[in-house]
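Asker: Below is the structure I would like to discuss, written out as C-alpha cells.
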Amino acid sequence: METLQPPAHLKSRRQKEMWKRQLLQNVKERQKAQESQTPFRIAERSLQSKVVTPDRPPVVDFTNLENNPPEVRAKIIRVELSHDLREICPLFGRTDGDWSKRRTVAYIHSDIEGLIFIPNPFTESAQRQLIYNCLQKYTQAPNSSSLDAHYDVPAEGVWNLYTKSQRLSSNEDDSQLLIRRKSRSNNGQKITESADPYDAPSTSGQRTKSVDKDPKNEDMKSELSSHNTSELMHPSELIRKLRWVSLGYQYNWSEKTYFFDRPIPVPEEAAKLSIAIAKAVEGIGYRQGDGFRWQNNFKGDNYAPEAGIVNYYQLKDTLMAHVDRSELNMEAPLISMSLGHKCIYLIGEQTRDTKPHAILLQSGDVMAMTGASRSAFHGVPKILDDGPSFLQPGTIDENIPDWDVYGEYVSKARINLNIRQVNVSSSST
C-alpha cells in the first residue's frame with residue numbers, strides 16, 4: 001500500500017512531523033465517529049454514498065415485487081383495503097384499466113410493525129391535481145411556510161407570484177412581484193434556513209443572486225434605487241428555497257408544540273383524501289396463526305385531519321431521522337402521500353439504535369403509519385433523479401391549462417403531503 005507523503009510545500013522536518021500527527025489524529029477521530037454512529041445513521045450514510053457498502057440495507061420495492069431479492073420478497077404480504085378508495089373518495093381519480101386494480105390493494109412487511117403501504121392509488125390526472133393544490137393553493141395564507149421567517153411573503157404566497165412572473169414577457173416590469181428579505185436575526189437570535197417544525201428537508205445549498213444581476217430585471221434598477229436590491233428577491237429565486245408549508249393547526253417550532261389558539265381547517269381536498277385512507281386501512285394487520293401479531297384498530301370514521309405539512313424536496317435534499325411526536329393523539333394514523341421524484345425512505349423503531357428498513361417511494365404512493373410505526377424513527381436520506389413522464393412539462397391537462405410551469409418545477413423535485421390528527425377524541429378508537 002502506498003504511503004501518504006507530506007505536501008511539497010512543507011520543507012522542514014518539524015512541519016512534516018506536525019502534518020503526520022494531524023493526519024493520524026484525523027484518522028482516529030474519523031474511526032471514533034464511525035464507531036459511535038447509530039445503525040440508523042450508518043444506513044443513512046450508506047444509502048447516500050455512491051459506493052455500495054456491505055452495511056447498505058436492501059431497498060424494499062412494494063410496487064414491483066419481482067425487483068426484491070427472495071429474502072425480502074418473502075416478508076412482503078399483500079392485504080386488501082377495507083374500502084375501495086375510488087368509491088369513497090373521487091379525488092383519487094376515475095378511470096379503469098390497470099389503475100382500477102390498485103384501488104383496493106395494500107402491502108405490509110412482516111418486520112415493520114404498523115406500516116401499511118398503498119402503491120399509487122391515484123390516476124395520472126389526480127396526481128397532477130394534487131401537485132397543483134400543494135403548490136398553488138396550500139402555499140397561501142393562512143398557512144405558514146419555511147420562507148416566512150426570512151422573507152415578507154404576501155398572503156397569496158410565493159408560488160402565485162412565481163407563476164405571475166412566468167406569464168410576463170421579458171420586457172414587462174415585474175418589480176411589484178419582488179419579495180423583501182427580513183432582518184437576519186429574530187430578537188437577537190439567528191434564524192437558520194432549516195428552522196422547521198417537522199425537521200423538513202435540509203437545504204440543498206443553492207446560492208441566490210441579487211435582483212440587479214438578473215437580466216430580466218435590468219430595466220427596473222432606477223425604480224429600485226431607493227432600496228437595497230440585495231434585500232429584494234425575485235420569486236424565481238425563492239421558489240426552490242421553499243422547504244415546507246404547514247396546514248391546519250400551525251406549529252410553534254421553537255416550543256415544539258401547536259398553536260392551539262389558532263385553529264385553521266386542513267384544506268378540504270387533503271382532508272378528504274386522508275379520511276378515505278384512514279377508513280381504507282382500518283382493520284389491516286399482520287396475521288399470525290389464529291390471531292394478529294399487530295392490527296390497526298383505529299376507526300376511520302373517527303379520523304379527524306387537524307394538521308399537516310407539505311414538504312418540498314429538491315434533488316439534493318435530505319430528511320434526517322426523526323419522530324413526529326408533538327401530537328396529543330399518537331393512536332390515529334399519520335397519512336403520507338408522495339408526488340414527483342422517487343426517493344429512498346428509511347423507517348426504524350423507537351430508537352436510532354435498531355437497523356432501519358429502506359423503502360422505495362414512487363409518485364402517488366401512500367403510507368399509513370399506524371401503531372408502533374407511528375412513533376418510529378424515519379427519514380429520507382436520498383432523492384432519486386427519476387420522475388414519471390406524465391408529470392413532465394408538455395403534458396396536456398385540460399384541468400390545469402398552465403401545467404408546464406408545474407411540470408417544470410416537479411421535474412426537479414419531490415413533494416410529500418402528510419396529514420395527522422392532533423387532538424384526542426373520546427371516540428378515537
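The values are calculated or read from the model by the stated rules, or taken from the named source; none is laboratory data. As the structure is a prediction and not an experimental result, all values here were calculated from the model. Heads up, the Cβs are rebuilt from the backbone with ideal geometry, glycines too, and the neighbour counts pull from every protein chain shown. Only protein heavy atoms, including side chains, enter the accessible area calculation; ligands, DNA and RNA are left aside. Shrake-Rupley method; radii C 1.70, N 1.55, O 1.52, S 1.80 Å.
Asker: Modelled with pLDDT of 95 or more and assigned to a helix (DSSP H, G or I): which single residue out of E87, E35, E17, E66 fits that description? Give the derivation first.
Answerer: Values: E87 fails: modelled with pLDDT of 95 or more; E35 fails: modelled with pLDDT of 95 or more; E17 fails: modelled with pLDDT of 95 or more.
Going through E87, E35, E17, E66 in turn, just one is modelled with pLDDT of 95 or more and assigned to a helix (DSSP H, G or I): E66.
Asker: Just wondering, is there one or more residues in region 256-270 that are of a type in the set (K, R) and modelled with pLDDT of 95 or more?
Answerer: Taking region 256-270 and keeping what is of a type in the set (K, R), we get 256, 262.
Now narrow it down to the ones that are modelled with pLDDT of 95 or more: none.
There is no residue in region 256-270 that is of a type in the set (K, R) and modelled with pLDDT of 95 or more.
Asker: Next up: What's the number of the condition Y132 fails, among (1) open to solvent by 10 Å² or more (accessible area, probe 1.4 Å); (2) of a type in the set (S, T, Y); (3) touching a strand residue (DSSP E or B) at 6+ places or on another chain (Cβ under 7 Å)?
Answerer: Only one criterion in (1) open to solvent by 10 Å² or more (accessible area, probe 1.4 Å); (2) of a type in the set (S, T, Y); (3) touching a strand residue (DSSP E or B) at 6+ places or on another chain (Cβ under 7 Å) is unmet by Y132, namely (3).
Asker: Among the residues of region 241-255, write down those that are assigned to a helix (DSSP H, G or I) and either modelled with pLDDT under 95 or crowded, with 21+ Cβ neighbours inside 10 Å (or both). Give the derivation first.
Answerer: Of the residues in region 241-255, the ones assigned to a helix (DSSP H, G or I) are 241.
Result: no residue meets the conditions.
Asker: Return the residues of region 307-326 that are among the charged types (D, E, K, R) and open to solvent by less than 40 Å² (accessible area, probe 1.4 Å); say none if nothing qualifies.
Answerer: D317, D324
Asker: Filter region 110-127 down to residues that are open to solvent by 20 Å² or more (accessible area, probe 1.4 Å) and not acidic (D, E) and give me whichever is nearest to I76 (Cα to Cα).
Answerer: At the first step, the residues of region 110-127 found to be open to solvent by 20 Å² or more (accessible area, probe 1.4 Å) are 111, 113, 120, 124-125.
This time we only want the ones that are not acidic (D, E), so: 120, 125.
Numbers: N120: 17, S125: 29 Å.
In this case the residue turns out to be N120.
Asker: Right, something else. If you check I112, I131, which single one turns out to be at pLDDT 95 or above and not in a helix (DSSP H, G or I)? First the steps, then the outcome.
Answerer: Working: I131 fails: not in a helix (DSSP H, G or I).
Going through I112, I131 in turn, just one is at pLDDT 95 or above and not in a helix (DSSP H, G or I): I112.
Asker: Of all residues in region 376-397 being open to solvent by 40 Å² or more (accessible area, probe 1.4 Å) and not hydrophobic (A, V, I, L, M, F, W, C), which is farthest from E44 (Cα to Cα)?
Answerer: The extreme case among them is G394.
Asker: I've got another one for you. On the given criteria, is L47 part of a helix (DSSP H, G or I), open to solvent by 40 Å² or more (accessible area, probe 1.4 Å), in contact (Cβ under 8 Å) with a residue 40 or more places away in the chain and not polar (S, T, N, Q)? Lay out the reasoning, then the answer.
Answerer: Details: part of a helix (DSSP H, G or I): yes; open to solvent by 40 Å² or more (accessible area, probe 1.4 Å): no; in contact (Cβ under 8 Å) with a residue 40 or more places away in the chain: yes; not polar (S, T, N, Q): yes.
Here the answer is no, as L47 does not meet what is asked.
Asker: A follow-up question, please. List every residue pair whose Cβ atoms lie under 8 Å apart, where the two residues are 6 or more positions apart in sequence or sit on different chains, the first residue falls within region 91-108 and is on the phi > 0 side of the Ramachandran plot, and the second residue, located anywhere, is open to solvent by less than 80 Å² (accessible area, probe 1.4 Å) and at pLDDT 70 or above.
Answerer: Here the result reads G93/R86; G93/F122; G93/T123; G93/S125; G93/A126, each pair linking region 91-108 to a residue that is open to solvent by less than 80 Å² (accessible area, probe 1.4 Å) and at pLDDT 70 or above.
Asker: Moving on to the next point. Go through region 327-345 and count every residue that is within 21 Å of D111 (Cα to Cα) and either without any contact (Cβ under 8 Å) to a residue 12 or more places away in the chain or open to solvent by 10 Å² or more (accessible area, probe 1.4 Å) (or both).
Answerer: Of the residues in that region, 5 qualify.
Asker: Filter region 134-165 down to residues that are touching a Pro at 6+ places or on another chain (Cβ under 7 Å) and part of a helix (DSSP H, G or I) and give me whichever is farthest from I179 (Cα to Cα).
Answerer: Step one: list which residues in region 134-165 are touching a Pro at 6+ places or on another chain (Cβ under 7 Å), which gives 137-138, 158, 161-162, 165.
Pick out the ones that are also part of a helix (DSSP H, G or I) and you get 137, 158, 161-162, 165.
Working: K137: 19, V158: 9, L161: 9, Y162: 11, S165: 12 Å.
Among those residues, the one meeting the criterion is K137.
Asker: Which count do you get for residues in region 163-185 that are open to solvent by 50 Å² or more (accessible area, probe 1.4 Å) and either within 28 Å of the chain's Cα centre (by Cα) or basic (K, R) (or both)?
Answerer: Within region 163-185, residues that are open to solvent by 50 Å² or more (accessible area, probe 1.4 Å) and either within 28 Å of the chain's Cα centre (by Cα) or basic (K, R) (or both) number 8.
Asker: Turning to a different aspect of this structure: Tell me, yes or no, whether region 346-355 has at least one residue that is at positive phi and crowded, with 20+ Cβ neighbours inside 10 Å.
Answerer: Restricting attention to region 346-355, the residues satisfying the condition of being at positive phi are none.
Scanning region 346-355, I find no residue that is at positive phi and crowded, with 20+ Cβ neighbours inside 10 Å, so the answer is no.
Asker: Return the residue satisfying two criteria in turn: it lies in region 73-95 and is closer than 26 Å to F40 by Cβ and touching a strand residue (DSSP E or B) at 6+ places or on another chain (Cβ under 6 Å), and of such residues it is surrounded by the fewest Cβ atoms within 10 Å (Cβ to Cβ). Spell out how you get there, then give the answer.
Answerer: Let us first name the residues in region 73-95 that are closer than 26 Å to F40 by Cβ, namely 73-77.
Narrowing further to those that are touching a strand residue (DSSP E or B) at 6+ places or on another chain (Cβ under 6 Å): 75-77.
Numbers: K75: 14, I76: 16, I77: 12.
Among those residues, the one meeting the criterion is I77.
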